[in-house]
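The values are calculated or read from the model by the stated rules, or taken from the named source; none is laboratory data. Quick caveat, the model's predicted, so the values are computed rather than measured. With ideal geometry, Cβ positions are generated from the backbone for all residues, glycine too; neighbour counts draw on all protein chains shown. What goes into the accessible areas is simple: the full protein's heavy atoms, side chains included, and nothing from ligands, DNA or RNA. Shrake-Rupley method; radii C 1.70, N 1.55, O 1.52, S 1.80 Å.
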There are 4 protein chains.
Amino acid sequence: MPSFEPRNPDYRAVATAVFDRQQAMRSLGISIAWLGPGEVDLAMPYSAGWSQQNRLVHAGIITTGLDTACGIAAFTLMPAGFDVLTVEFKTNLLAPAKGERFAFRAAVVKPGRTLTFCEARAFAQTGGAESLVATMTGTLMAMMPRV
Amino acid sequence: MPSFEPRNPDYRAVATAVFDRQQAMRSLGISIAWLGPGEVDLAMPYSAGWSQQNRLVHAGIITTGLDTACGIAAFTLMPAGFDVLTVEFKTNLLAPAKGERFAFRAAVVKPGRTLTFCEARAFAQTGGAESLVATMTGTLMAMMPRV
Amino acid sequence: MPSFEPRNPDYRAVATAVFDRQQAMRSLGISIAWLGPGEVDLAMPYSAGWSQQNRLVHAGIITTGLDTACGIAAFTLMPAGFDVLTVEFKTNLLAPAKGERFAFRAAVVKPGRTLTFCEARAFAQTGGAESLVATMTGTLMAMMPRV
Amino acid sequence: MPSFEPRNPDYRAVATAVFDRQQAMRSLGISIAWLGPGEVDLAMPYSAGWSQQNRLVHAGIITTGLDTACGIAAFTLMPAGFDVLTVEFKTNLLAPAKGERFAFRAAVVKPGRTLTFCEARAFAQTGGAESLVATMTGTLMAMMPRV
C-alpha cells in the first residue's frame, strides 16, 4: 500500500469526530482501534443482537463496519470542510462471520479530488487467532457541505 | 419480472421462520410487509440509532435490509431442507437515506440449483411519498445444512 | 423506468458520435439498435473470435457491450460539452453466453450532475427467442473535457 | 497473499491449455507472462482497435483481461476434470487506460470447493513505468464438465 500525505493537518481530529457522530457505530459497539492517513482499523465485539438465522453476524452488519472503515479512511485524505459520502460498495462474504470480536480494516487505494477508491477486509477473531470473513471495495465521494 | 413456482409448498412458513430467527431484524425493527414466491417486501421505521454522521440511515443498515430481502426472496424458491447464504452483493447509494420509514423490496431474477441472483431496491417513505435511495444486486447460495 | 428530459437537444447526434468514435465497437461489430433519452439498445453478432474456452462469448466482451450501453445511456442525459467516463460496474453472469446475436440494453436509473447510475441487461438471441445472460449495474461520471 | 497448494499436479499445463482455447485472448493479443498456484500475470500490447472515444483502452477490454486473469488463477487450484466459470465481478476504473502495454495480475484470496474469490489489478505500462488503472474482485465457480 502506498502511504499518503493528508491535506488536512487536523485529519485525525476531524475523522474521529465524524466517526463519533455516527450513532450506528455506538449502537453496534464499534470503536476506532487505529487511524492513520488513508487507513483505519475498527473493532467490534460479537453480539447475538446482530445475528442472522445461524447466530453468525449478519452480512449487512459486517458491511456496516467495512463501509464506515472505508468512509473514515477516505475522509482522512480529504481537504478541510468536506464531508464524505458512500457512492457504492461490493461485499464478498468468504467465511461464516463467527468470532468473539471483529476487525474492519480499510485502506485508500486511489484518492481523488471527487472520488476515492478504498479496499477493506473484515476479520473474525477468537482467542489469539483471526480469519478473513469478508472483503469490500468501495467508492467514496467528497462533498462540500451545503450552507 | 417473471413469476416463479416454489419447489417447497411450505415456502411461506419456512421463509418467515428464517426471517424470525434473524435477531438483527428484531434489533432494527424490520418486518415482512409482503412475501411471495421469489419476492419480498420488508419495512423499517427510521431510528436515529442507525444513523451516520448526518442523521441519515447508515448505508450498511440500508444494506442489511436489502440483503435480508434478497436472502428471503431467494429462500422462498429453494427446496425444503436447504439454508440460504449470501455470496456477494453490491449496493449503489443513489440519494440520502432520509425518511420516516424505509421499504426493502427484492425479487429473484434467476433462481438456480446452487446460486440465485436477486435484485433489490430501498425506498425512503415520508408521508405518502416514497423515493429510491439505494439498489442491490446479489448472489445467494443454497446450502444443505450440516448434520 | 422513469422517462427523462435530455438537457442537450442534440443528445441523439452527440451520443451517436461518441459511440462511433469507439473503435472497440467497430472491432466487435456492435451497433446501435435503438436510442432514446436515458436508454440505449445495442446489437452484436456472435463471432468465435470473442469466445472463451467453451466457444461462449467471453464475459469481458459481454461486459464491453453492457458498459458501452450504460455509457451511451448516461451520456444522452448529460449537458452539452461533457464527456462520459465509467467509474465502476458489476457484471453478474446468469447463463452461458450462447447465441447467434446479442442485445445490450441499458437504462439510466438515477441521473446526476456528476454521477449517473445505470442498469443494463445482456440477452442472447437465437432464431426468434432471447434469454437473459448477464446484468450490469454501473456508475458513470460526467467530465468537462480538458482544454 | 497466502500461497496455495495446487490439487492438480498438472495445474500449469491445464491452465495454459484453458487459456489457449480462449480465442478472445488471441484476438486481443493477450499472453501469459507468469503463472503460479493461485496467481497469474497476463500481458497485452496497446491497440487502437480496442479503444473507446478518447483512444484509451475500453473499460470492457480491461475487464476482459482482468476476468481471464481471475479465471486462470482460480483454475490453477481446482481439481483435475473441472472447468471454471465466472459468476460475477466488479471493476473499478481508477485512471485512464493509457499505455504502451498492459498487465493484468490476479491472485486467489479464498479458494473453495464450489466458489473461489479472486482479486486482480490492471496496470498501464509506458517505458519502464507502470501505474494502476483498474481493480477487479470476482467470484469463480468450479464446474464438472457435462458429459
Query raised in the report: Can you name every residue in segment D:113-128 that is within 14 Å of chain A (Cβ to nearest Cβ), more than 15 Å from D:Glu39 (Cα to Cα) and either open to solvent by less than 50 Å² (accessible area, probe 1.4 Å) or of a type in the set (A, V, I, L, M) (or both)?
Result: D:Thr114, D:Leu115, D:Phe123, D:Ala124
Query - Check on B:Ala59, open to solvent by 10 Å² or more (accessible area, probe 1.4 Å) and either facing chain A (nearest Cβ under 7 Å) or farther than 15 Å from B:Ala134 by Cβ (or both) - result: yes
Report summary line: The lone condition B:Met141 fails out of (1) more than 23 Å from C:Ser131 (Cβ to Cβ); (2) within 14 Å of chain A (Cβ to nearest Cβ); (3) open to solvent by less than 40 Å² (accessible area, probe 1.4 Å) is (1)
Report task. May I ask you to verify whether D:Ala74 is under 12 Å from the mean Cα position of the chain (by Cα) and not β-branched (Val, Ile, Thr)? Result -> yes
Query - Verdict on B:Arg105 being in contact with a Pro (Cβ under 6 Å, 6 or more places away or on another chain) and more than 10 Å from every other protein chain (Cβ to nearest Cβ) - result: no
Requested in this report: Find all pairs meeting these conditions: Cβ atoms under 6 angstrom apart; at least six residues apart or on different chains; first residue within segment A:49-76 and in contact (Cβ under 8 Å) with a residue 12 or more places away in the chain; second residue open to solvent by 10 Å² or more (accessible area, probe 1.4 Å) and of a type in the set (Lys, Arg).
Outcome: A:Leu56/A:Lys98
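Residue-by-condition table, conditions (1) part of a helix (DSSP H, G or I); (2) over 17 Å from D:Val109 (Cα atoms):
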position: A:Thr63; (1), (2): yes, yes
position: A:Ile72; (1), (2): yes, yes
position: A:Ala80; (1), (2): no, yes
position: A:Glu88; (1), (2): no, yes
position: A:Arg121; (1), (2): no, no
position: A:Thr135; (1), (2): no, no
position: A:Leu140; (1), (2): no, yes
position: A:Pro145; (1), (2): no, yes
Query - Subset of segment B:16-56 (residues that are of a type in the set (Gly, Ala, Ser), surrounded by 18 or more Cβ atoms within 10 Å (Cβ to Cβ) and within 11 Å of chain A (Cβ to nearest Cβ)) - result: B:Ala24, B:Ser27, B:Ser51
Query - Selection status of A:Pro96, modelled with pLDDT of 95 or more, open to solvent by 40 Å² or more (accessible area, probe 1.4 Å) and within 13 Å of chain B (Cβ to nearest Cβ) - result: yes
Report summary line: Those residues of segment A:15-58 which are among the charged types (D, E, K, R) and closer than 21 Å to B:Ala48 by Cβ amount to A:Asp20, A:Arg21, A:Arg26
Report task. Give me a count of the residues in segment A:90-119 that are more than 19 Å from A:Asp41 (Cβ to Cβ) and assigned to a strand (DSSP E or B). Result -> 5
**Report entry** Condition met for B:Ala106 (farther than 21 Å from A:Gly65 by Cβ, hydrophobic (A, V, I, L, M, F, W, C), in contact with a helix residue (DSSP H, G or I) (Cβ under 7 Å, 6 or more places away or on another chain) and surrounded by 24 or more Cβ atoms within 10 Å (Cβ to Cβ))
**Finding:** yes
Query raised in the report: Mind checking whether some residue in segment D:70-78 is within 12 Å of another protein chain (Cβ to nearest Cβ), touching a helix residue (DSSP H, G or I) at 6+ places or on another chain (Cβ under 7 Å), among the aliphatic types (A, V, I, L, M) and more than 29 Å from B:Met136 (Cβ to Cβ)?
Result: yes
**Report entry** Scope segment B:5-35; condition touching a residue at least 24 places away in the same chain (Cβ under 8 Å) and more than 18 Å from B:Phe82 (Cα to Cα); matching residues
**Finding:** B:Ala24, B:Met25, B:Leu28, B:Ile30, B:Ile32, B:Ala33, B:Leu35
Query raised in the report: Is there a residue being more than 7 Å from chain C (Cβ to nearest Cβ), within 30 Å of D:Pro9 (Cα to Cα) and open to solvent by 10 Å² or more (accessible area, probe 1.4 Å) anywhere in segment D:84-91?
Result: yes
